[in-house]
Amino acid sequence: MWNQKISMSIGNHYSMPTPDIVKLLACIGFDGISPEWNAEVDLSPVVDAAAQHGLGLVSIHAPFGGAANMWGTDAADAAKSDLFGTLEACRRFSIPVMVVHNWIGFDYTFGDTAHGFANFGEVVEHAVKYGVKIAFENTEGDEYLYALMNHFSGNDTVGFCWDSGHELCYNHSRDLLADFGDRLLVTHLNDNLGISRYDGKTFWTDDLHLLPWDGIADWDDNIARLKRSRRLEYLNFELTTQSKPGRHDNDCYARMSLEEYFTEVYKRACRVAYRYSR
């Protein structure tokens, strides 16, 4: 889009090869991609496709299944290994930002942070050596996000990845951009229907990753808050055609062809980008 670049987070779960997804995104009008890192998947074909079709590499998403282990000693080495592997991909492919989850899980007690600071500190040290930024994403357990952002306050290597949908359902609409907007590095823009339980308890099936304006998010407010935050070269969208178990919210996307789906994503993204750039 003129005057504002738009990018898309992509995984490896589509019905066509991921390099073909990259080509499709370029044809539709996207300016960049944010792939996922997986130790078992060669990222080279995706990176090559991005270069061939003129798409920027905005960020890379690190594995997050072991995020809770980063706060202790048991299995921390395996969790760190995933992050180190992702950093190696950043170095190899000149990807500027690694997105990292700070926690996973909904039943927990926020406790001792010493092990977490030490483990994440090792990762940050490697990132400094490679010239890569680390963007901690708001997920469930925002106490851990605040702990890390405060601990690494003043460290230019550490910044923030704002997931607009996570804020709406996991963080009870807490205005995270008010606290970390000046350290914003990348966005995961998406929508959902908020918290579905009457008792207000959050759960992962509320994290729908709908297209903007298909949920209950206030996009006037979202865009206004983004405009008050650190200016970004790319607005990045993280969306899915797959419904959560027991739900059917995304089924309408799955019925579309990928060409139709990504075109609709691009149209919504342009609406956001136009208002962001004014």
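What helices (runs of 4 or more DSSP H) lie completely within the range 1-119 and have 1 or more residues being modelled with pLDDT of 95 or more, of a type in the set (A, V, I, L, M) and touching a Ser or Thr at 6+ places or on another chain (Cβ under 7 Å)?
Filter on the range 1-119 gives 18-28, 44-52.
Looking only at residues in the range 121-164 that are outside any helix (DSSP H, G or I) and of a type in the set (G, A, S), which one is surrounded by the fewest Cβ atoms within 10 Å (Cβ to Cβ)?
Among those that are outside any helix (DSSP H, G or I) and of a type in the set (G, A, S), it is G154.
Would you call N171 among the polar types (S, T, N, Q) and either within 22 Å of G65 (Cβ to Cβ) or buried (at least 24 other Cβ atoms within 10 Å of the Cβ) (or both)?
The answer is yes for N171.
State all residues of the range 183-198 that are under 24 Å from Y146 (Cα atoms) and either surrounded by fewer than 20 Cβ atoms within 10 Å (Cβ to Cβ) or touching a helix residue (DSSP H, G or I) at 6+ places or on another chain (Cβ under 8 Å) (or both); if no residue qualifies, say none.
Passing the criteria: R183, L184, T187, H188, L189, N190, D191, N192, G194, I195.
Restrict the check to the range 101-118 and report whether at least one residue is within 17 Å of the chain's Cα centre (by Cα), within 16 Å of E36 (Cα to Cα) and surrounded by 14 or more Cβ atoms within 10 Å (Cβ to Cβ).
Within the range 101-118, one or more residues are within 17 Å of the chain's Cα centre (by Cα), within 16 Å of E36 (Cα to Cα) and surrounded by 14 or more Cβ atoms within 10 Å (Cβ to Cβ).
From the list R275, R231, pick out the single residue that is surrounded by fewer than 18 Cβ atoms within 10 Å (Cβ to Cβ) and part of a loop (DSSP other than H, G, I, E, B).
Testing whether each residue is surrounded by fewer than 18 Cβ atoms within 10 Å (Cβ to Cβ) and part of a loop (DSSP other than H, G, I, E, B) leaves just R231.
The values are calculated or read from the model by the stated rules, or taken from the named source; none is laboratory data. Please read these numbers as outputs of a predicted model, since none were measured by experiment. Here the Cβ is made from the backbone with ideal geometry for all residues, glycine too, and neighbour counts use every protein chain on show.
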